[in-house]
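This report refers to the structure that appears directly beneath it.
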Amino acid sequence: MTFAATTTGRIPVRVFGGPTALFEYGGLRFLTDPTFDAPGDYHHKVRLTKTAPPAGTPADLGRIDVVLLSHEHPDHLDNTGRALLADIPLTLTTPGGEQRLGDRARGLADWESIELDRPGGGTITVTGVPAIHGPGAREDVEPFTGQVVGFVLTGQGLPTVYVSGDNASLDAVREIAERSGPVDTAILFAGAPRFPGVLFDGALIVLDSAQAAEAARILGARRVVPVHYDSWAHFTEGREELVAAFDAAGLADRLDLGDPR
């Protein structure tokens with residue numbers, strides 16, 4: 001698979017739908033939260049319904065060096081995605097995920113880093129960063145939604161990249177910005193997912209579109225590639241709402257929707 005040409009200085013990103021994106025960084029190829037199953041239903045505490053197929057198959061990916069797995073819910077790691085992990089050298093995920101996924105997985109706690117060798121010399125640093133998958137404090141949320149991790153990627157002469165994972169907390173974004181900002185490319189999980197009458201009284205469990213725009217402002221992000229806003233029934237906001245929110249915030253020039261289809 002080859003990437004389309006991108007603006008000078010921007011890393012190439014291809015979005016496959018849902019939370020899944022492929023990007024090249026420092027000579028390595030990273031895949032976020034692999035979901036390649038056909039539409040259908042999953043049951044994991046709540047019912048999850050996939051409504052659209054991915055914009056490609058594992059055969060389209062080419063070489064993958066690292067999977068960045070924010071967590072293991074079936075709308076982030078489905079059956080096909082789980083099988084894919086066996087052929088990928090390294091999966092970075094939560095500390096609990098390391099225990100469940102085996103010897104090719106490495107868990108990252110908040111602000112824990114790992115250095116990866118670049119093909120042409122030098123290293124990439126991947127740092128685990130906070131992500132809170134629901135409203136309120138982490139200790140109140142995790143018993144229901146589990147551990148989630150985001151990622152910041154840095155390297156000498158490379159742009160700073162942030163992959164949010166399923167995060168609903170702008171306070172977490174502020175902490176990340178203070179330590180790692182400004183960000184060149186932010187791959188933000190959005191979609192305003194809710195489960196009324198089932199989970200957190202229908203409160204947001206990931207950023208909505210307006211919050212994604214505010215996160216971009218907090219991070220000083222020069223470019224935002226949104227994911228996690230289509231292909232699943234629990235997303236309550238999509239492309240139209242994202243465009244409107246970034247336009248209202250005066251950040252329309254930073255939004256890069258690409259063409260996931």
Exercise. Just wondering, is there one or more residues in the stretch 31-45 that are in a strand (DSSP E or B) and crowded, with 23+ Cβ neighbours inside 10 Å?
Worked result: yes
Seminar exercise, completed: Restricted to the stretch 42-54 and to residues being modelled with pLDDT of 95 or more and not β-branched (Val, Ile, Thr), the residue farthest from Ala83 (Cα to Cα) is Ala52
Exercise. Do we find a residue being assigned to a helix (DSSP H, G or I), at positive phi and surrounded by 18 or more Cβ atoms within 10 Å (Cβ to Cβ) anywhere in the stretch 221-237?
Worked result: no
Exercise. Taking interchain pairs and intrachain pairs at least six residues apart, which have beta carbon atoms under 8 angstrom, with the first residue in the stretch 233-258 and under 11 Å from Asp208 (Cα atoms) and the second of a type in the set (A, V, I, L, M, F, W, C) and at pLDDT below 95?
Worked result: Leu242/Leu257
Exercise. Quick one: what pairs do we get from the stretch 145-172, first residue at negative phi, second of a type in the set (Asp, Glu) and not in a strand (DSSP E or B), C-beta under 7 Å, 6+ apart or different chains?
Worked result: Val148/Asp166; Pro159/Asp184; Thr160/Asp184; Val161/Asp184; Leu170/Glu214
Seminar exercise, completed: Conditions (1) at negative phi; (2) assigned to a helix (DSSP H, G or I); (3) surrounded by fewer than 19 Cβ atoms within 10 Å (Cβ to Cβ) -> Leu204 fails only (2)
Exercise. Among the residues of the stretch 180-197, is there at least one that is of a type in the set (S, T, N, Q), within 18 Å of His71 (Cβ to Cβ) and either part of a loop (DSSP other than H, G, I, E, B) or touching a residue at least 40 places away in the same chain (Cβ under 8 Å) (or both)?
Worked result: no
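The values are calculated or read from the model by the stated rules, or taken from the named source; none is laboratory data. Because the structure is a prediction, the values reported are computed rather than measured. Methodologically, a virtual Cβ is constructed for each residue, glycine included, from the backbone with ideal geometry; neighbour enumeration extends over all protein chains shown.
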